[in-house]
Structures are given as structure tokens and as C-alpha cells.
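**Q** Shown below is the structure under consideration.
The values are calculated or read from the model by the stated rules, or taken from the named source; none is laboratory data. Keep in mind the model is a prediction, meaning the values are calculated, not measured. Neighbour counts are summed over all protein chains in view; Cβ atoms, including those assigned to glycine, are modelled from backbone coordinates with ideal geometry.
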Amino acid sequence: MVGLMASGLFLMFPSIPGADLSLFRQLNSELGALCQEPPIQAVKVCRLHSRLVNR
């Protein structure tokens, strides 16, 4: 599932000038892992991540 999320963000950001795609992949991977069982403080971030990935 995390792999699918990573590919989702990769497809969303290919045209951002100066974007370091490896950083987006790392961020997406970390968010995917965090959001499997998010602590209460991360629920809003995980909802945003889910919305971005599922576009």
C-alpha cells in the first residue's frame, strides 16, 4: 500500500520546478508508514495525505 501511495505523489509533483523527487518519495513513504496507525496528533495530516494520494 505504501508503494501505491508513493507512486501517487510521484505522479502529482513531476512538474514542480526544482523539486527533488527523491525527497517527495521519502516524505510520502514516511507519511504512509505513519498513517497506518496514526497517533491522535497526526490524524489531520494523514487525512490530507490520503486526499493527495487518492486524487
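**Q** Any idea which of (1) touching a Ser or Thr at 6+ places or on another chain (Cβ under 8 Å); (2) modelled with pLDDT under 80 is the one Cys35 doesn't satisfy?
**A** In the conditions (1) touching a Ser or Thr at 6+ places or on another chain (Cβ under 8 Å); (2) modelled with pLDDT under 80, Cys35 misses (2) alone.
**Q** Collect the residues in the stretch 1-32 that are aliphatic (A, V, I, L, M) and at pLDDT 65 or above, keeping them in residue-number order. It would help to see each step written out before you state the result.
**A** Just the residues of the stretch 1-32 that are aliphatic (A, V, I, L, M), to begin with: 1-2, 4-6, 9, 11-12, 16, 19, 21, 23, 27, 31.
Within the stretch 1-32, Ala19, Leu21, Leu23, Leu27, Leu31 meet the criteria.
**Q** Restricting to the stretch 15-55, name every residue that is surrounded by 14 or more Cβ atoms within 10 Å (Cβ to Cβ) and not in a helix (DSSP H, G or I).
**A** Selection gives Cys35, Pro38.
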